[in-house]
Amino acid sequence: MPEDKIKSFRELFLSRLSTLSHIIDISSEHLQKEADSILGYRLIDDMLPLGTQIAYACNQPRNFALWCEGAAMENLSADVESLSEARKIIDDTRSKLISVTVNDEKLQEVMRIDIGEEQYIELPGLEYVNDFLIPNLYFHLVTAYNIMRMKGVPVGKFDYMIHLAPKVKQT
C-alpha cells in the first residue's frame, strides 16, 4: 500500500467538495430569483432535498477526518436553510480535512458503522473509505448535480468533473 493513501483520499474529498461548491455557485447565479428556495428542490417526492444532499455529501469527508483523528462519526444536520449555511458547511468540512495529520496505518484499523435497527457493519479502514465513504459522497454529489440539471441550471459533465480541468491539454 502506498504511504500517501490517506493524503490521496484527503485530496479526493477536497476536490469533490470544490465540485459541490462549483455546482452551488452556478446554480445560485442561474436561479438568483429563487435564492435559498433551491435548497428544497428534489428529484422526486420521496428523495431528500438539495440542502440535505449537500449536508450528506459533506458528511463523508467530514467523517473521514473525524475517523482519522480517532473521533466518533458525527453527521451534520439534514436541515440546511440557506445558501450561506451550505457554503459554510462545505468550508468547515474543507478546513477539517486540511487539518488531518495521520499516517496510512490508520487504514488497517476496523471501523464499526451502526446502520440502524441494532445492525452494524465492521470494515477495515481501507474498505471503510473505498466502499462506504466514497460511494456515499458520489451518490449525494451526483444527486445534487441532477437536481440542478432538472431545474434547468446549465451545468454539464465538465462542471461535474471540474477537478480534471487543470489536466486538460491542447493539441
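General observations
- In the set (1) surrounded by fewer than 23 Cβ atoms within 10 Å (Cβ to Cβ); (2) within 19 Å of GLU11 (Cα to Cα); (3) of a type outside the set (Val, Ile, Thr); (4) touching a residue at least 12 places away in the same chain (Cβ under 8 Å), the condition left unmet by ASP91 is number (4).
- Every residue from segment 42-84 that is over 24 Å from ASP25 (Cβ atoms) and of a type in the set (A, V, I, L, M): ILE44, LEU66, ALA71, ALA72, MET73
- Filtered residues of segment 42-60 (kept if farther than 15 Å from VAL142 by Cβ and open to solvent by 30 Å² or more (accessible area, probe 1.4 Å)): ASP45, ASP46
- Single unsatisfied condition, ARG149 versus (1) open to solvent by 20 Å² or more (accessible area, probe 1.4 Å); (2) closer than 20 Å to LEU48 by Cβ; (3) assigned to a loop (DSSP other than H, G, I, E, B); (4) at pLDDT 95 or above: (3)
- LEU133 within 13 Å of TRP67 (Cβ to Cβ), modelled with pLDDT of 95 or more and assigned to a strand (DSSP E or B): no
- Pairs linking a residue in segment 61-76 that is of a type in the set (Gly, Ala, Ser) to a residue that is open to solvent by less than 40 Å² (accessible area, probe 1.4 Å) and assigned to a loop (DSSP other than H, G, I, E, B), with Cβ atoms under 7 Å and 6 or more positions apart or on different chains, are ALA65/VAL100.
- The condition (being in contact with an Asp or Glu (Cβ under 7 Å, 6 or more places away or on another chain), of a type in the set (Val, Ile, Thr) and under 24 Å from ARG10 (Cβ atoms)) is satisfied by just one residue among ILE54, ILE23: ILE23.
The values are calculated or read from the model by the stated rules, or taken from the named source; none is laboratory data. The structure presented is a predicted model; accordingly, all values stated were derived computationally and were not measured. Positions of Cβ are backbone-derived with ideal geometry, glycine not excepted, and every protein chain shown enters the neighbour counts. Protein only, heavy atoms only, side chains kept; ligands, DNA and RNA dropped before computing areas. Shrake-Rupley method; radii C 1.70, N 1.55, O 1.52, S 1.80 Å.
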